[in-house]
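A.B. asks: I have a structure here, written as structure tokens, and I will follow up with some questions on it.
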Amino acid sequence: MSLAANPSVDMHARAKALIARKRMLAFALPLIVLAYFVYIFFAFDIAGLAGRMRWDNAVTLVSDTYSYKTHVERNNRTGEIKVAVEGERKGTYNATNYPAWVKVGEDAAVITLDDDGTIEIADDMVRYDVPGFGVIEATQSRTGGVTINLDPATLPDWISYSKTRLTVTTKAARLSLTKARSEVFVYEFGWELFWFTLESPYYGHGLSGILFGERIDPERSNLMGAWQDFWNNAIWRHGDTVWALFETVLMAFLGTFGAAIIALPLAFLAARNFAPLVAIRMAARRLFDFLRGVDGLIWTILLSRAFGPGPLTGALAILFTDTGSFGKLFSEALENVDEKQIEGVASTGAKPLQRYRFGVIPQIVPVLLSQVLYFLESNTRSATIIGAITGGGIGLLLTQAMITQKDWEEVSYYIVLVVLLVMAMDSFSGWLRRRLIKGD
Amino acid sequence: MLEVKSLTKRFGTKAAVDKVSFHIDRPMMIGIIGRSGAGKSTFLRMMNRLTDASEGELLFEGRNVLSLKGAEKRQWQSDCAMIFQQFNLVPRMDVVSNVLHGTLGRRSTLTTMFNLYPEEDIHKAIDILGRLGISEHAEKRAEALSGGQQQRVAIARALMQDPKVILADEPIASLDPMNAQTVMEALRRIHDEDGRMVIANLHTLDTARRYCDRIIGMRDGRVVFDGTPAQLTTGVARDIYGAGADFSEAATSTEIRDHEAVEAVERRLAKLTV
Amino acid sequence: MLEVKSLTKRFGTKAAVDKVSFHIDRPMMIGIIGRSGAGKSTFLRMMNRLTDASEGELLFEGRNVLSLKGAEKRQWQSDCAMIFQQFNLVPRMDVVSNVLHGTLGRRSTLTTMFNLYPEEDIHKAIDILGRLGISEHAEKRAEALSGGQQQRVAIARALMQDPKVILADEPIASLDPMNAQTVMEALRRIHDEDGRMVIANLHTLDTARRYCDRIIGMRDGRVVFDGTPAQLTTGVARDIYGAGADFSEAATSTEIRDHEAVEAVERRLAKLTV
Amino acid sequence: MADLTAVSTGASLDATRAHYMALTRQRRLYGGIMLLVFVLLLASGFGIANDRNAGGFLPGLPHIFDFPADVVSEAWAKRANLPGHLLKALPALIETINIAAVATITGAFGAIILSLLSTNGLAPWPRLIPVFRRIMDLMRALPEIVIALVLIFVLGSGPVPAAIAIAFHTVGALGKLFSEVNENADQKPLEGLASVGATWPQRMMLGLVPQVAPNWFSYALLRFEINIRASAILGFVGAGGIGYELKNAISWGQGKFDEAAAVFILLFLTIVVFDQMSSVVRNRLTHGSMKSDPLKGAAQ
Amino acid sequence: QDITEFRLGILGGENAQDRVASNQCFADKIAEALGVEVKVFTPADYNGVMQGLLGGTIDAAWMGASSYAGTFIADPEAVEPVLVKQNVDGSIGYYSIGFARKDSGVTSLEDLKGKKFGFGDPNSTSGYLIPSIEIAAAGYPMQPGDFFGDVVFTGGHEQTIVAVNNGDVDAGVTWADGLGAWEDGYNNGALRKAVDAGLVDMNDMVQIWQSNIIPEGPFVIRKALPQDVKDKVTELTANLWEEDADCAYGVAHGEAKDFIPVDHETYASIVAARLAQSN
Ligand SMILES: Nc1ncnc2c1ncn2[C@@H]1O[C@H](COP(=O)(O)OP(=O)(O)OP(=O)(O)O)[C@@H](O)[C@H]1O
Ligand SMILES: Nc1ncnc2c1ncn2[C@@H]1O[C@H](COP(=O)(O)OP(=O)(O)OP(=O)(O)O)[C@@H](O)[C@H]1O
Ligand SMILES: [Mg+2]
Ligand SMILES: [Mg+2]
């Protein structure tokens, strides 16, 4: 071979053309994507979206996930004063356990805020001493409506005032006054009453106090009682939540493995190298397409008439879709099996079932197992969504809490649990996959 | 003992095996040679009933095995073990289980489904492995073994069938010379000690000459030679392989030479023939 | 020109390269020999800055290249081309693009991403390929080429860098003798014609003797020999390879032997190439 | 040379036998226990689910087609309306497909970056690999519906929250698969590029992408298929698209089943069409050129 | 025939957990009266309870008026309404309220010509069914383009309020009990919850329309149940306020006066409305 061969001029031109072609391609792909995004920009009205975006909602949401509010409310018709966490019945303080920042007297309450502001409710009057601003004083009467000590024309934007209503919003609290009620919402950091509700004797006790301190409730040992009160916490309902998590996993488990068990024999009918008849193979394939094409969520709706709400319906819905998915995947795995092994077993005079057992199953088991476990993990996530519709599991709690837009701290609690659950299932199935496929 | 009467196999219009007839009257070690596509594999596969014949008869001890059906067919398969070029073991299963597959033909479906083999079968399997010198690998997965060891496992599976005939389809084609020798010696020993009939497809003349009692040469589906090793002269070989006067056996020999150098040239050859 | 001062590389506690020092005052063709694990590759990789050194200095034209960072380091890499045993081309890309990769060090990231290579670079690439006798493959994917051709593409990429030094890590180890010779000749020619320094790791003594001006022998990370090919006697080689008295160079030679077998194949070869 | 003449001694054979028998017994025991545990889990799980369900499994079975039959019979009775409904739902369908496409493209882009940052041997900051991995795990674990609902609250309902939610999840899901592909890539070309002084982006673009692009593309297509479903489903919670139409029609009950049937047909056909298309393209793409099985990480 | 268990379905705008919890005492009482186990189900949407009642997997439920009508249309023989919640003022209804942002200048339906109007969930009685019929009857046709520039579904009461407050739609409808004062968002209803959550300030809002009274959803029992089961459950529920006001508060999710008998006639107009909205 000669090293002296001279490249023809032709080669120069061709190489240039080649690079030019590649350059075109390198630009074309990003350009196509860009063009599509421009189309989407208009189709989705992104420009308008920027205007509609509500960051204050986002702030409300985010701040609500890590803080909670306590309502101090005076009913202006009866004069009754109530202090309650999130305004809930189950979180209402009684005269013995008011939080330290509020003094409740006869028809009056004085609130000391974190930023040294104070709010006073007395009779039909509220007075809010805002640090660095001054005193806002307002009264309401049945006939005169709401009146305020400031000039209504020059109010800052965090004070909203009309003849019927006054709202003052600061970082530390929100105050509102109408003819019907005077209300103060005080924001505090944390998830309220997460461990114990106000009724529990353990409320306000620290961990060490419960573990090592004196017996708090004479009826029960500290550990036992604290656990019971925590587990049955009326606001957070930890017990029910754990049950809901379990139900979610249960749906995923039953659905996934049920589907795998049903799909395995059907997959033989759909595999080119095992199907007895083309017609049967086609029928099996279309069945799988149909089962898969109808999403699990729609199966839930279709099945709800026959089985009613509950985890079984959710599990069946997962089972239906996954039978379709597994059927397809398994039959593809079957079509890829190595004929040699089957022939080797067949040559010994093995019966058909034995041929499948020893010639086919050992080959596809790793593929099947890995897919089934992979689905188990992803179905745990699907089960949260399906549960939201069929009425079971953590998904229902989560979506309900979100849709009612009431308690974002509960939402974040559920989200954390869901994420932990899915991640746990992820690593569990990964671990099992490694164990089962590497071993045996 | 074995009588083949104008056995034919057609794929479409092409006859892969074309009116093959021969007769063997006592257990022998028989080598079938012929170039690629001559119909050697097809013949063995028909004999083991992995493929159906198009025409003709194959009588073993007076019975036409080609017409057997269902359980009887499987009974014949279990009497007539097959060894493949690619071993055709179940790689993910351990060696003993692979050997035990040789008993599938005579055990009930249900018990074998759950890998429940009788203890004496397990003992026998290990004995056979011992005889072939690989009992220390009994617990390993088949895929963890070298080619030669895997082929010996395949032979052990065949022996486990306690067959009257052992068919071997190019049993040493994917093995290196060292392993090839071990495997061929194992087959020969089985023939010598147990008196089983062995029919082996071989692609190298010297192997056939060294180990077989009788050699059948095939070309384009027909038998073109049938005789003793001594009768297999270079001229005859040229006939079988349809080669010209420059034919040299060396090219297909399995004897150990300077492989590095040969391979280097072989590689150039391969490149050039593309 | 190149001065290496007690260069050391430790992996864990083990010193793969152990206080290596030598000095080269003009562009030469240098061969590094030594048995597997001697530290040859590690030395070249440190020199190209693919691996960081543990200790020591490596001065090229007075500048310590081991302390360069970021853009300066990449500048050095583009001055110091490397050729690998496994070619390390991008197999799915065409040959010209692979050669053009030699310019990456001096072109901006963005322009290269979009294949905006200047025309003169493309022409130069073709010229280099022509010089190495493979310009007709310019449009093919690298993976479609034979080993020897791929290695020549790798050399072309190195030349495209217009480097002061070319490092070659066992450039012929995965090649057959015919290709090995072509590649070594190409390297030698580059040295002779362009006057570039070439440092090549070699695992065969005769190759080193035939092509290099100076030979460095390494053993266990240390330099145990540094001299001309003539000084490299069999006794010295025994030392380098740590072999006993039964050492024969034949074992590592790339020359072609076994004339009988080779001739047989050569004959077939001759027939086919007609 | 392993030889046949050295027949294993009886003693060593006995040892092998005993050992193998012990092993077999142990395997049978473990296998039996595992099977038993699995069957028990399945049976008791089914029992619990059946017990906590409103309707039981067996009583419900005969009625499994009641609801579909209602839908079909009403749709059939009003079949004249079908074409109109189909036409009406078409814009929503296009929106659904657009959501899936945008989410897949942006998600794949994010996944490429994250996967490069979290692949051993490729990552520019190897020490941060676990961090990026955890980020991907987290993104994968968050159900789309959660993100969508939060975003609807901030952005108002429409396609954008759905697209963002799906894209977010896609980054996590594809990122994991991509980094598996990257891990199997050949390092040699990358080292070759490093030796000429190429920067990190150059190495990735010119050395890695040509190797892994077909696999990436194949996974992205599979994901697109999944995302069409996901985007249809998010419509159920008000994120626009065809799912919303379907939910409104189907939960109205008797009276709008014809509409439900039309939307359902459209949705089903879309899913099947894209499913078939993508599997054809994927088969062609991966034919022969792939090391890893593209279906290993199928539908999520 | 005997029953082996009694299955209670609950709808409502509250967290699922709260729904189960606040109905637990009710379930216990039924269990005691019937001597069988009582299970409580809280499907996420109307459809779940409707399907349960139609399929016979749920025996009794508190429903919305519109979803009762839907059940009746699907199968008139499936369930019968037996009781309804009576408000403190003696009424058995609530209202659909049309509202807009004060600064948008909209003060009546008349001002909405060419503007964007938002409904909640199409299955909601007050969020869609009644206003779509009554507003149209008042001379403002609901076909987009006829009078309103556009008519959209926001997905639910809460979303409507957020959408109006954000200006995504110019006006919307939601539900309220009609008691108390507008500036508090009324005593009960979606507006009140939004005010409490800090999502809207009633100073920014103005009411532009109010529907006729809409009957509260009934407590329905499956017709196929044995008569004495139906009687026992009905009687027990009717006496709930008298016997255990705390429990009744939870079941009614709020203050009320009583549960009083009701029959299908009360919902005849709703059924008609729903039929009118069907294809
Ligand atoms: N399943 C089949 N379908 C069609 N043709 C076949 C089939 N099996 C074998 N053939 C053809 O039959 C002929 C004989 O094939 P066979 O495999 O028996 O040859 P062989 O002698 O074993 O060759 P080799 O040494 O390559 O294994 C060949 O031409 C082959 O192409
Ligand atoms: N990345 C690494 N991590 C740990 N040890 C390494 C690494 N790279 C090389 N080594 C060790 O350093 C020593 C020198 O290796 P090097 O590759 O330089 O030898 P070599 O002379 O090139 O041998 P060969 O001829 O086999 O390529 C060897 O013992 C090797 O095991
Ligand atoms: Mg053959
Ligand atoms: Mg090396």
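The values are calculated or read from the model by the stated rules, or taken from the named source; none is laboratory data. Please read all numbers here as calculations on a predicted model, not as lab measurements. Reconstructed Cβ throughout: ideal geometry from the backbone, glycine too, with neighbour counts over all protein chains shown. Protein only, heavy atoms only, side chains kept; ligands, DNA and RNA dropped before computing areas. Shrake-Rupley method; radii C 1.70, N 1.55, O 1.52, S 1.80 Å.
A.B. asks: Within 10 Å, count the other beta carbons around each residue, average over each peptide in A:136-146, A:190-200, and list them highest first. Write out the running numbers ahead of the final one.
C.D. replies: Details: A:136-146: 15.5, A:190-200: 18.3.
My ranking of the peptides, most packed first, is A:190-200, A:136-146.
A.B. asks: Take the Cα atoms of the protein assembly as shown, build their convex hull, and give its volume per residue in Å³.
C.D. replies: Taking the convex hull of the Cα positions in the protein assembly as shown, it is 259 Å³ per residue.
A.B. asks: While we're here: Do any GluC sites (Glu not before Pro) in region B:1-77 lie in a DSSP loop with no more than 16 other beta carbon atoms within 10 Å, and if so, which?
C.D. replies: B:E61
A.B. asks: Which FRET efficiency value, to the nearest 0.05, do you get for E:I213 and E:D263 by plugging their Cβ-Cβ distance into 1/(1 + (r/R0)^6) with R0 = 22 Å?
C.D. replies: 0.80
A.B. asks: Quickly rank E:119-131, D:107-119, A:414-426 as a protection proxy: mean count of other C-beta atoms within 10 Å, highest first.
C.D. replies: Going from most to least packed, we get E:119-131, D:107-119, A:414-426.
A.B. asks: With a Förster radius of 35 Å, plug the Cβ-Cβ distance of D:A80 and D:N283 into 1/(1 + (r/R0)^6) and report the FRET value to the nearest 0.05.
C.D. replies: 0.30
A.B. asks: What's log10 of I(q)/I(0) for region A:68-189 at q = 0.11, 0.18, 0.22, 0.23 Å⁻¹, Debye sum over Cα points only, no solvent?
C.D. replies: -0.33, -0.91, -1.35, -1.46
A.B. asks: Let me confirm one metric for peptide A:310-320, namely the mean number of other chain beta-carbon atoms within 10 Å of its residues' beta-carbons.
C.D. replies: Counting other chains' Cβ atoms within 10 Å and averaging over A:310-320 gives 5.
A.B. asks: Once you compute Rg and the Kirkwood Rh from C-alpha atoms, what is the Rg to Rh ratio for region B:118-209?
C.D. replies: 0.96
A.B. asks: Run lengths n ≥ 4 of DSSP H only: what is the helix-derived mean residue ellipticity at 222 nm for the protein assembly as shown, with -39500 (n - 2.57) per run over all residues, to the nearest 500?
C.D. replies: One gets -15500 deg cm²/dmol as the mean residue ellipticity at 222 nm.
A.B. asks: When only Cα pairs under 8 Å and 6 or more residues apart are kept, what is the percent relative contact order across chain B?
C.D. replies: Once divided by the residue count of chain B, the mean separation gives 25 percent.
A.B. asks: Which residues in region E:54-80 have a backbone N closer than 15 Å to a point placed 7 Å from the Cα of E:V36 along the Cα-to-Cβ line?
C.D. replies: E:56-61
A.B. asks: Provide the percentage of antiparallel DSSP beta bridges, counting only those with both residues in the protein assembly as shown; round to the nearest 5. The partial results should precede the final answer.
C.D. replies: Working: 118 of 166 bridges.
Taking every DSSP beta bridge within the protein assembly as shown, about 70 percent pair in antiparallel fashion.
A.B. asks: In nanometres, what is the gap between the two model label sites at A:H238 and C:T228, each 7 Å from Cα along Cα-to-Cβ?
C.D. replies: Reported label-point gap for A:H238 and C:T228 is 8.7 nm.
A.B. asks: Another one. How high is the relative contact order of region A:68-189? Use alpha-carbon pairs under 8 Å, at least six apart in sequence, and give a whole percent.
C.D. replies: Details: 240 pairs, mean separation 29.5, N = 122.
Across region A:68-189, relative contact order equals 24 percent.
A.B. asks: Quick check: net charge around E:I213, other residues with Cβ under 12 Å of its Cβ, Lys/Arg +1 and Asp/Glu -1? Numbers along the way, then the final one.
C.D. replies: Values: positive: none; negative: E:D89, E:E134, E:D177, E:E216.
With Lys, Arg at +1 and Asp, Glu at -1, the net is -4.
A.B. asks: Where in chain D are the DSSP H helices whose C-alpha atoms run 24 Å or more along the long axis and whose mean Kyte hydropathy is at least 1.0?
C.D. replies: Span-like helices, by this rule, are D:82-117, D:257-286.
A.B. asks: Quote the FRET efficiency, to the nearest 0.05, computed for D:L138 versus C:R26 with a Förster distance R0 of 41 Å and r equal to the Cβ-Cβ distance.
C.D. replies: It comes to 0.10.
A.B. asks: Please give the residues of region A:206-223, grouped as numeric ranges, whose backbone N is less than 19 Å from a label point set 7 Å along the Cα-to-Cβ vector of A:N94.
C.D. replies: A:216-220
A.B. asks: Amide H to amide H under 5 Å from C:M218: which residues, 5+ apart in sequence or cross-chain, H placed 1.01 Å off N in plane?
C.D. replies: When sequence neighbours closer than 5 places are left aside, the close amide H contacts are C:I33, C:G34, C:V224.
A.B. asks: Moving on. Hey, got the dipole for the protein assembly as shown? About the Cα centre, +1 on K and R Cβ, -1 on D and E Cβ, debye to the nearest 20?
C.D. replies: In debye, rounded to 20, the protein assembly as shown gives about 6340.
A.B. asks: Per residue of D:178-189, what is the mean number of Cβ atoms on other protein chains within 10 angstrom of that residue's Cβ? Mind dumping the intermediate values first?
C.D. replies: On the way: counts 0, 0, 0, 0, 0, 0, 0, 0, 4, 1, 8, 12.
Average neighbour count from other chains, rounded to a whole number: 2.
A.B. asks: If you don't mind, another one. For chain D, report the accessible area per residue in Å² (1.4 Å probe, heavy atoms, rounded to an integer).
C.D. replies: Heavy-atom accessible area per residue stands at 41 Å².
A.B. asks: Okay, moving on. Using the per-residue mean of other Cβ atoms lying within 10 Å as a proxy for protection, in what order, highest first, do the peptides C:172-180, A:150-158 fall? Mind showing how you got there, number by number?
C.D. replies: On the way: C:172-180: 19.6, A:150-158: 9.9.
Packing proxy ranking, top to bottom: C:172-180, A:150-158.
A.B. asks: Can I ask one more? Based on DSSP H assignment, which helices of chain C show an axial Cα extent of at least 15 Å together with a mean Kyte-Doolittle hydropathy greater than or equal to -1.0?
C.D. replies: C:119-131, C:147-160, C:177-194, C:259-273
A.B. asks: What does the C-alpha gyration tensor say about the overall shape of chain C? Classify as rounded when a/c is under 1.5, otherwise prolate if a/b is larger than b/c, or oblate.
C.D. replies: Taking the square roots of the gyration eigenvalues as a ≥ b ≥ c, chain C is oblate.
A.B. asks: Using a 1.4 angstrom probe on heavy atoms only, work out the carbon and sulfur share of the accessible area of the protein assembly as shown in %.
C.D. replies: The value for the protein assembly as shown is 57 percent carbon and sulfur by accessible area.
A.B. asks: Check C:M82: other-chain or 5+ apart residues with amide H under 5 Å from its amide H, H built from backbone geometry?
C.D. replies: C:L167
A.B. asks: I want to check the label-to-label distance for E:S108 and B:E72. Put each point 7 Å from Cα in the C-beta direction and report it in nm to one decimal.
C.D. replies: Distance between label points: 10.1 nm.
A.B. asks: Let me ask something else about it. Length gain on complete extension for the stretch A:A153 to A:E188, per 0.36 nm per residue less the alpha carbon to alpha carbon distance? Spell out each step's value before the answer.
C.D. replies: Numbers: separation 35, 0.36 × 35 = 12.60 nm, distance 3.21 nm.
Working it through step by step, the gained length comes to 9.4 nm.
A.B. asks: Connecting C-alpha atoms closer than 10 Å in a GNM of chain A, tell me which of A:I81, A:I19, A:I394 has the biggest fluctuation.
C.D. replies: Residue with maximal mean-square fluctuation among A:I81, A:I19, A:I394: A:I19.
A.B. asks: Then there is this: Within 13 Å, Cβ to Cβ, of A:E343, how many net charges do the neighbouring residues add up to if Lys/Arg are +1 and Asp/Glu are -1?
C.D. replies: +2
A.B. asks: Turning to a different aspect of this structure: Looking at E:F259, E:N212, E:S278, which one has the Cα that reaches farthest to the positive end of the dipole of region E:168-279 (charges on Cβ: Lys, Arg +1; Asp, Glu -1)?
C.D. replies: About the Cα centre, the residue reaching furthest to the positive side is E:S278.
A.B. asks: For peptide C:67-80, how many partner chain Cβ atoms fall within 10 Å of a residue's Cβ, on average?
C.D. replies: Taking the mean over all residues of the peptide, I get 2.
A.B. asks: With every protein chain left in place and a probe of 1.4 Å, what is the accessible surface of E:V164, to the nearest 10 Å²?
C.D. replies: It works out to around 0 Å².
A.B. asks: Please report, in debye to the nearest 20, how large the charge dipole of region D:68-299 is about its Cα centre when each Lys and Arg carries +1 at its beta carbon and each Asp and Glu carries -1 there.
C.D. replies: So the magnitude is around 360 debye.
A.B. asks: Obtain the nm distance between the two label points defined at B:E143 and A:R286 by a simple spin-label model: each point lies 7 Å from its Cα along the Cα-to-C-beta direction.
C.D. replies: Using points 7 Å along Cα→Cβ, the separation is 3.8 nm.
A.B. asks: Another question, then. Indicate the gyration tensor shape class of region A:175-260 (rounded, prolate or oblate), computed on the Cα atoms with a ≥ b ≥ c the square roots of the eigenvalues: a/c under 1.5 is rounded; otherwise a/b larger than b/c is prolate and the rest oblate.
C.D. replies: oblate
A.B. asks: Shifting gears a bit: How charged is the neighbourhood of D:G175? Take every other residue with its Cβ under 14 Å from the Cβ of D:G175, and add Lys/Arg as +1 and Asp/Glu as -1.
C.D. replies: Working: positive: D:R133, D:R134, D:R140, D:K176, D:R223; negative: A:D426, D:D137, D:E180, D:E183.
Spelling it out: positives minus negatives among the neighbours equals +1.
A.B. asks: So, one more: What percent do you get for the relative contact order of region A:238-438 when only Cα pairs under 8 Å and 6+ apart count?
C.D. replies: Details: 269 pairs, mean separation 55.2, N = 201.
Rounded, it is 27 percent for region A:238-438.
A.B. asks: Using modelled backbone amide H atoms (1.01 Å from N, in-plane), which distant-in-sequence or interchain residues come within less than 5 Å of C:D18's amide H?
C.D. replies: Those qualifying (amide H under 5 Å, at least 5 residues apart or on another chain) are C:K9, C:R222.
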